[in-house]
1. Any idea which of 302, 285, 289 is closer than 24 Å to residue 69 by Cα and touching a strand residue (DSSP E or B) at 6+ places or on another chain (Cβ under 6 Å)?
2. Out of (1) more than 19 Å from residue 100 (Cα to Cα); (2) within 31 Å of the chain's Cα centre (by Cα); (3) modelled with pLDDT of 90 or more, what's the single condition that is false for residue 183?
3. Of all residues in the stretch 292-306, which are in a helix (DSSP H, G or I) and touching a helix residue (DSSP H, G or I) at 6+ places or on another chain (Cβ under 6 Å)?
4. Any idea which residue in the stretch 282-302 is farthest from residue 75 (Cα to Cα), counting only those that are buried (at least 24 other Cβ atoms within 10 Å of the Cβ) and modelled with pLDDT of 85 or more?
5. So is residue 205 outside any loop (DSSP other than H, G, I, E, B) and over 30 Å from residue 231 (Cα atoms) or not?
6. Could you identify the single residue in 121, 109, 76, 60 that is part of a helix (DSSP H, G or I) and either free of Cβ contacts under 8 Å to residues at least 24 places away in the same chain or more than 30 Å from residue 238 (Cα to Cα) (or both)?
7. Look at residue 279 and say whether it is crowded, with 20+ Cβ neighbours inside 10 Å, over 15 Å from residue 99 (Cβ atoms) and out of contact with any helix residue (DSSP H, G or I) (no Cβ under 7 Å at 6 or more places or on another chain).
C-alpha cells in the first residue's frame, strides 16, 4: 500500500466549522451559563438605570406642572419667589443666574489649578512627595459639604474683606468687581468655596488620566530633543484632553447641585446684581434646601419645578460634554 494513501486514510476528518451565527454567539460570550448570566445582569442594570432616570423625569414633570399651571407670573423670568400669596408668584430667573454664575466662577478657578496639580504629581514631584500629596487630596475629596460650609462661614468669609477691597480699588471700573463694603457673602464667595470643593475631584481624575499616557509617546518626544514642558504640551495634554473634560464635568455636576455649603456662606436677596461682590440671588439647590421644610403642598410643587430646571440643566451640560469628548476622541490618543 502506498504510504501517502495510508497517511491520508489515518488522518481524521476536519472538524466542522462554526456557522456565522455561532461565531457571533461565541464572540458575545453567550455560550456558557456564567457569560449569559453576566450579560443579562449587565443589560438589566443598564435598563434599570434608564428606568430610574425616566421615573425621576416623570415625577418632576408631573409635580412641576401642578405648580406652574397656578403661577401668576412667568416661571422663567419672574424675579420673585412667594408661594404664600394669592395668586402665587414665583420664578427661576434669579436662581438660574446664581447657579450658573457661581458654577462658572468655580470652574474658572478650579480647572487650571487642578490640571496643574495633576501634572505636578505625575511629571514633576519627587517620588517622596507624590504619595503624601495624593493622600491629602483624597482626604479633601471625602470632606462633607457641611464641613466646607462651616469653614467657609467662619474662616473664608471674614478673610475675604481684604480681597474684596483690593478688587474694588483696582477693578471697580468694570462694574463686575465693584463693592459696596457689605458682608462678603456674594456670588464670588460661593464660587471660591465651590472651587475648593471640586478641586480634589478634578485633580484625582486628571491625575489618573495623565498616568495612562503611553510611555513611548513621552520617550519619543524626549528623543527628538523636547523639553519637559514640550513633552507635556505635545504628548500628555492631547492624550488626556477628553479625560480632563470628563473630570471637569464631574466637578461641574457637584458645583451645580451643591446645597449646604452654599446656604451657609450666601446671603440670598432674590436680586440679580451686576457686581459679583455685592449680595447674591441664590441657587436652585440652596433655595430648595432653605424653603422645603416650611413650604406647604403647593410650595413644595413649586420647589420641585425649580428642581426640574436644575435637572434639565445638568442633562444639557453632560450632553454637551459627551459631544465635546466625541469630537475630540481622535486627538485624545486613546486609540494609539
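1. After ruling out the rest, the residue left standing is 302.
2. Of (1) more than 19 Å from residue 100 (Cα to Cα); (2) within 31 Å of the chain's Cα centre (by Cα); (3) modelled with pLDDT of 90 or more, only one is false for residue 183: (3).
3. Matches in the stretch 292-306: 301, 302, 303, 304, 305, 306.
4. If we take residues in the stretch 282-302 being buried (at least 24 other Cβ atoms within 10 Å of the Cβ) and modelled with pLDDT of 85 or more, then 286 is farthest from residue 75 (Cα to Cα).
5. no
6. One residue alone meets the criteria, 60.
7. In short, yes.
The values are calculated or read from the model by the stated rules, or taken from the named source; none is laboratory data. Note that the coordinates shown come from a computational prediction; the quantities given were computed from them, not determined experimentally. Positions of Cβ are backbone-derived with ideal geometry, glycine not excepted, and every protein chain shown enters the neighbour counts.
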